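Written out below as structure tokens is the structure these notes cover.
The values are calculated or read from the model by the stated rules, or taken from the named source; none is laboratory data. Worth saying up front: this structure is predicted, and the values here are computed from it rather than measured. Here the Cβ is made from the backbone with ideal geometry for all residues, glycine too, and neighbour counts use every protein chain on show. Accessible surface areas use protein heavy atoms only, side chains included; no ligands, DNA or RNA. Shrake-Rupley method; radii C 1.70, N 1.55, O 1.52, S 1.80 Å.
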Amino acid sequence: MNTYGPCLLERTPCSGQESLWVCFHAPDTFVCSHHPDSPAAKEPMLLHAALFRRGLTTKDVQKFPTELLSNETEQRCRQILGKNSLPPKVSAGVLVTLCTSGGAPAFLYTLRSSTLKGRHKGDVSFPGGKCDSSDRDVIDTALREAQEELGVTLSRSTIWGPMKPITDWTGMVIVPVLANIGCLEDLSMKPNREEVESLLTLPLSLACTSSIRGYTCFRQGGRYAYTLPVFRLPGHNVWGLTAMMTDSALSLLFPGSYHSVLSGSRAR
């Protein structure tokens, strides 16, 4: 019998869309309830299990090579990313930061300061921001924003390539740029305290397990619309676009092994 990790996660509704909680599951269906404050809270809905795919098991993780960010992996990813075409107008660039922390390959995130203005204050994010007229391209944008937020200068040689663009609900076209910034212990980072509250890491081996991964379901017009991934860190959740970028990077790093929740969602 197939088993799936628990997904008791709440997402704040936005843009007229209601989020759902996955409350419990059976081998073939998931029973979802609405947010408890929703007028439709007493109307559960069934989602077929094909919409949800489990991450790599602990046994799978143990099979991963220790040199997860090897030259072979880098060259394969560079080749794939080199085929991506960028739209003529890009609004923002984000540096999807791979690194090595304590000898383990990981993602590096920033915890945005709670004193910032806007709806994303206090969120877990990758370094990034809007394009500037001085930027040659979106790679320059991502590197510049990383320097401003992390307080460290990164060279273009760390860049593996631009990932597929994402258009957010406001119409902004955001390009994630995958990079391996190397060993954190060798970098003298000085995070900008006006923007960054702290730095967080998520080992790649843990990011692939069902104990870390969760899902948020959204509905439109009273019907199921799409599912987005969530990654759970101690005390924090990786939501939204950052979770989508994390999910896409894992799909690129582990082709054929990592099963993205986006593969069964219209928000792909």
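Per residue, the accessible area of the stretch 131-268 comes to 43 Å² when a 1.4 Å probe rolls over the protein heavy atoms.
How big is the C-alpha Rg of the stretch 88-246 next to the rule-of-thumb value 2.2 N^0.38 Å, as a ratio? Intermediate values should be presented prior to the final figure.
Numbers: Rg = 15.6 Å, N = 159, 2.2 N^0.38 = 15.1 Å.
Here the Cα radius of gyration is 1.04 times the empirical estimate.
Taking amide H atoms as placed 1.01 Å from N in the peptide plane, the amide H of VAL96 lies under 5 Å from those of VAL177, LEU178, ALA179, each 5 or more residues away in sequence or on another chain. Shape class of the stretch 175-251 from the Cα gyration tensor (axes a ≥ b ≥ c, square roots of the eigenvalues): prolate, since a/c reaches 1.5 or more and a/b is larger than b/c.
What's the carbon and sulfur percent of the stretch 99-210's accessible surface, probe 1.4 angstrom, rounded to a whole number? Roughly 50 percent, rounded to a whole number.
For the stretch 143-199, the calculated P(r) over all alpha carbon pairs, in 5 Å bins from 0 to the bin holding the longest distance, is 4, 16, 21, 22, 19, 13, 4, 1 percent.
Quote the relative contact order of the stretch 73-150 in percent (integer), defining contacts as alpha-carbon pairs under 8 Å separated by 6+ residues. Don't skip to the end; give the middle numbers.
Working: 90 pairs, mean separation 22.6, N = 78.
Across the stretch 73-150, relative contact order equals 29 percent.
PHE231's amide H: which non-local residues (gap 5+, or another chain) put their own amide H closer than 5 Å, with H modeled 1.01 Å from N in plane and none for Pro or chain starts? Here GLY214, VAL238 satisfy the definition.
In whole percent, what relative contact order does the stretch 137-231 give with Cα contacts below 8 Å and a gap of six or more residues? Intermediate results must be reported in sequence, preceding the final value.
Details: 101 pairs, mean separation 19.2, N = 95.
Computed value for the stretch 137-231: 20 percent relative contact order.
The label point for THR167 and the one for SER198, both projected 7 Å from the Cα toward the Cβ, are 3.8 nm apart. A full extension of the chain between LEU184 and ARG232 corresponds to an added length of 15.1 nm, given 0.36 nm per residue minus the alpha carbon distance.
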